[in-house]
Amino acid sequence: MVLSFDLTDDERQIFMAETEEQIDILTNGLVVLEKKPDDLELIQNLFRAAHTMKGSSGMIGHTRMVGLTHELETALDSVREDELNVSPDLIDVFLDSVDAIKELSFEIVD
């Protein structure tokens, strides 16, 4: 499904490039997090990537992407606050979420 967003071609390209960068940070970081679940700097970087995508998608009005990135951000915050333990199952859920965010990002492509 392609949604209509009031973006110039330049804005669309910037959004897609920034989103792709944050998705790469999340994907690669989550794989490392499974091996280093106590790496606080990594957890902070993952949280920041989700937060950045939430803000970017909010700026263009992509509410479905905002909702999903907000949930991912909240879960990463729980990991950061040591309220949620990193496990292989949690990493799988996070990676599935990142895949879904990637799919949602394609909704704005012409």
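Data overview
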| item | result |
| --- | --- |
| Qualifying residue in region 96-105 (condition: hydrophobic (A, V, I, L, M, F, W, C), touching a residue at least 40 places away in the same chain (Cβ under 8 Å) and in a loop (DSSP other than H, G, I, E, B)) | no |
| Test: residue in region 61-83 that is at pLDDT below 95, within 14 Å of residue 16 (Cα to Cα) and in a helix (DSSP H, G or I) | no |
| Residues located in region 57-74, provided they are of a type in the set (Gly, Ala, Ser) and either buried (at least 17 other Cβ atoms within 10 Å of the Cβ) or in contact with an Asp or Glu (Cβ under 7 Å, 6 or more places away or on another chain) (or both) | 57 |
| Residue within region 85-97 that is among the acidic types (Asp, Glu), open to solvent by 50 Å² or more (accessible area, probe 1.4 Å) and at positive phi present | no |
| Residue 14 being surrounded by 13 or more Cβ atoms within 10 Å (Cβ to Cβ), without any contact (Cβ under 8 Å) to a residue 12 or more places away in the chain and assigned to a helix (DSSP H, G or I) | yes |
| Region 98-110, subset surrounded by 19 or more Cβ atoms within 10 Å (Cβ to Cβ) and among the hydrophobic types (A, V, I, L, M, F, W, C), residue farthest from the chain's Cα centre (by Cα) | 108 |
| Search result, residues across region 21-30 that are touching a residue at least 60 places away in the same chain (Cβ under 8 Å) and farther than 12 Å from residue 86 by Cβ | 23, 26, 27 |
| Residue list for region 35-56, restricted to those being over 16 Å from residue 24 (Cβ atoms), surrounded by 14 or more Cβ atoms within 10 Å (Cβ to Cβ) and in contact (Cβ under 8 Å) with a residue 40 or more places away in the chain | 37 |
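The values are calculated or read from the model by the stated rules, or taken from the named source; none is laboratory data. Fair warning: this is a prediction, and the values are worked out from it, not measured in the lab. Note that we place each Cβ from the backbone using ideal geometry, even for glycine, and neighbour counts take in every protein chain shown. Side chains included, ligands, DNA and RNA excluded: accessible areas come from the protein's heavy atoms. Shrake-Rupley method; radii C 1.70, N 1.55, O 1.52, S 1.80 Å.
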